[in-house]
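Engineer: Here's a structure for you.
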Amino acid sequence: MIWNEAKECMSRDEMHNLQSKRLVKQVSYVYHNVEYYRKKMQAAGIEPGDIRGLEDLTKLPFTTKNDLRDTYPTGLFAVPRSQIVRIHASSGTTGKATVVGYTRRDIEIWSECVARIMTMADLTNEDTIQVSYGYGLFTGGLGAHYGAEYIGATAVPTSTGNTKKQLAMMCDLGVTAICCTPSYLMYLTEAIEEQGLLPKLKLRRSINGAEPWTEEMRKQLEERLHIHAHDIYGLSEIMGPGVAGDCVFHKGLHVNEDHFLPEIISPDTFETVDDGVTGELVFTTLTKEGIPLIRYRTKDLTSITHEKCECGRTTARLSRFKGRSDDMLIIRGVNVFPSQVEAALLEMGETSANYLMIVDRVNNLDTLEIQVEVDEKFFSDEIRELENLTRKIAHNLQQALLIQPKVTLVEPKTLQRSEGKAVRVIDKRKLV
Ligand SMILES: [Zn+2]
């Protein structure tokens with residue numbers, strides 16, 4: 001089934017015209033409603049009239065996470081607060097969140113986009129969908145939830161954690177599909193196998209996203225749970241989950257192109273690259289009212305194809321993500337920047353700025369250990385004092401990162417010093 005055949009199967013010419021028309025409108029909208037953008041475009045010598053269609057897209061300046069930071073919290077909003085019905089946020093490089101706002105119409109479009117992705121994954125109003133993404137400022141939970149309700153399915157909002165309850169709901173309610181991070185589904189899979197619950201499950205599909213995963217992991221999940229596992233992509237700056245997702249043929253992620261205009265650029269030259277060539281994914285929102293973004297650099301690396309898919313959809317498809325062009329880590333679905341650790345440590349004063357993050361995947365769950373060098377004058381032979389300090393550091397880091405790291409204190413001047421760029425991260429997960 002296809003949720004919105006008129007949009008998902010339109011000819012490439014029709015899509016081109018629709019995107020052109022919407023781009024012209026969106027550029028004029030941001031120019032007239034967002035002072036920051038107006039100034040940025042004026043500085044680049046561009047007026048809304050210069051953008052007459054897709055062919056003029058590359059004249060527009062890029063938007064980056066820095067722009068969101070500079071205008072924190074709501075400087076890029078294009079409507080007054082009275083028209084914003086929802087706020088979400090994600091973590092930023094300095095520990096300051098990136099705040100996004102949605103109008104009622106934005107929420108409606110978001111729900112439709114997720115509904116398309118769920119329909120792509122063969123879900124209908126006959127399904128019972130457990131949403132095991134976090135509900136809260138993170139877009140995963142509520143995003144998937146609204147999509148599930150939109151297609152008329154029964155949504156079960158278990159959110160994250162409490163594996164026992166997750167499994168009870170799955171068994172007792174006959175849950176047929178689950179939305180969560182792939183690593184969490186793998187964790188659940190092990191619990192299901194240990195407890196011999198597989199015969200009690202009616203699970204047939206999963207929709208997994210919010211962190212990079214491999215084909216290998218998809219195959220494992222599918223074989224061990226007897227399901228089809230689908231990929232979903234999104235980012236809060238652009239909307240949340242539902243920007244793109246893969247159909248039953250698993251030949252790349254279909255982009256909801258009538259709302260989000262994708263470009264792939266070379267991260268070095270910023271020039272557009274050809275179909276099939278890996279580069280950085282850039283999105284321009286075409287219909288957003290709350291916080292429209294022009295040419296937003298996602299830092300995610302992928303390639304694109306515009307060939308028609310076997311499923312009948314004509315929308316462009318993104319290949320499996322190949323990583324990122326900056327130092328952001330995705331740990332248990334949460335964005336983590338090494339600079340956040342540095343900032344939190346430096347704020348405390350008892351530690352030096354020398355630290356090492358060790359990311360691993362144990363029993364299919366991401367783990368984060370942070371080794372911290374203690375400042376000489378605070379280093380003590382008293383075990384109790386060191387324990388207190390460890391707890392304090394762990395608490396502060398958890399506040400900053402929104403995930404719980406394991407903290408290990410090391411003696412002053414023991415972490416390896418390197419010339420040039422310091423090695424701050426060892427990522428032992430094999431994702432690509
Ligand atoms: Zn398809």
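The values are calculated or read from the model by the stated rules, or taken from the named source; none is laboratory data. In this text the structure is predicted, and so the values were computed from the model without any measurement. Here Cβ is always computed from backbone atoms with ideal geometry, including for glycine, and neighbour counts include all displayed protein chains.
Engineer: Can you tell which of Leu301, Leu346 is among the hydrophobic types (A, V, I, L, M, F, W, C) and not assigned by TED's automatic domain parsing to the domain that holds Leu389?
Structural biologist: After ruling out the rest, the residue left standing is Leu301.
Engineer: Looking at the range 296-322, which of its residues are more than 17 Å from Val277 (Cβ to Cβ) and over 17 Å from the mean Cα position of the chain (by Cα)?
Structural biologist: Result: Lys308, Cys309, Glu310, Cys311, Gly312, Arg313, Thr314, Thr315.
Engineer: Of these, Glu257, Glu216, Glu190, which one is away from the ligand (no atom under 16 Å from the Cβ) and either without any contact (Cβ under 8 Å) to a residue 40 or more places away in the chain or within 30 Å of Leu57 (Cα to Cα) (or both)?
Structural biologist: Checking each option against the conditions leaves just Glu216.
Engineer: Which numbered condition trips up Asp231, out of (1) under 16 Å from the mean Cα position of the chain (by Cα); (2) away from the ligand (no atom under 14 Å from the Cβ)?
Structural biologist: So the condition that Asp231 fails would be (2).
Engineer: If Glu307 satisfies every condition in (1) outside the structural domain of Pro405 (by TED's automatic domain parsing); (2) crowded, with 18+ Cβ neighbours inside 10 Å but one, which is the exception?
Structural biologist: Condition not satisfied by Glu307: (2).
Engineer: If you check Met239 against the conditions, is it away from the ligand (no atom under 16 Å from the Cβ), of a type in the set (A, V, I, L, M) and under 18 Å from Ile330 (Cβ atoms)?
Structural biologist: Here the answer is yes, as Met239 does meet what is asked.
Engineer: Kindly indicate whether Leu18 is modelled with pLDDT of 95 or more and in contact with a helix residue (DSSP H, G or I) (Cβ under 7 Å, 6 or more places away or on another chain). Break it down into steps so the answer makes sense when it comes.
Structural biologist: On the way: modelled with pLDDT of 95 or more: yes; in contact with a helix residue (DSSP H, G or I) (Cβ under 7 Å, 6 or more places away or on another chain): no.
So Leu18 does not fit the description; no.
Engineer: Out of (1) of a type in the set (D, E, K, R); (2) within 16 Å of the ligand (Cβ to nearest atom); (3) surrounded by fewer than 17 Cβ atoms within 10 Å (Cβ to Cβ), what's the single condition that is false for Arg104?
Structural biologist: (2)
Engineer: If you don't mind, there's one more thing I want to ask. State whether the residues of the range 191-198 include one that is modelled with pLDDT under 95 and either small (Gly, Ala, Ser) or under 23 Å from the mean Cα position of the chain (by Cα) (or both).
Structural biologist: The answer is yes, given that some residue of the range 191-198 is modelled with pLDDT under 95 and either small (Gly, Ala, Ser) or under 23 Å from the mean Cα position of the chain (by Cα) (or both).
Engineer: Looking only at residues in the range 300-335 that are among the β-branched types (Val, Ile, Thr) and within 13 Å of the ligand (Cβ to nearest atom), which one is farthest from Lys428 (Cα to Cα)?
Structural biologist: Taking the range 300-335 and keeping what is among the β-branched types (Val, Ile, Thr), we get 302, 304-305, 314-315, 330-331, 334.
Next cut, within 13 Å of the ligand (Cβ to nearest atom) only: 305, 314-315.
Values: Thr305: 31, Thr314: 38, Thr315: 35 Å.
Residue satisfying both the conditions and the ranking: Thr314.
Engineer: Okay, moving on. Considering only strands (runs of 3 or more DSSP E) fully contained in the range 71-157, which possess at least 1 residues that are under 14 Å from the mean Cα position of the chain (by Cα), within 17 Å of Ile238 (Cα to Cα) and polar (S, T, N, Q)?
Structural biologist: Qualifying strands (runs of 3 or more DSSP E): 84-91, 97-103.
Engineer: Only one of these conditions is not met by Glu5: (1) loosely packed, with under 14 Cβ neighbours inside 10 Å; (2) in contact with a Lys or Arg (Cβ under 8 Å, 6 or more places away or on another chain); (3) under 30 Å from Gly312 (Cβ atoms); (4) not hydrophobic (A, V, I, L, M, F, W, C). Which number is it?
Structural biologist: Evaluating Glu5 over (1) loosely packed, with under 14 Cβ neighbours inside 10 Å; (2) in contact with a Lys or Arg (Cβ under 8 Å, 6 or more places away or on another chain); (3) under 30 Å from Gly312 (Cβ atoms); (4) not hydrophobic (A, V, I, L, M, F, W, C) leaves (2) as the failure.
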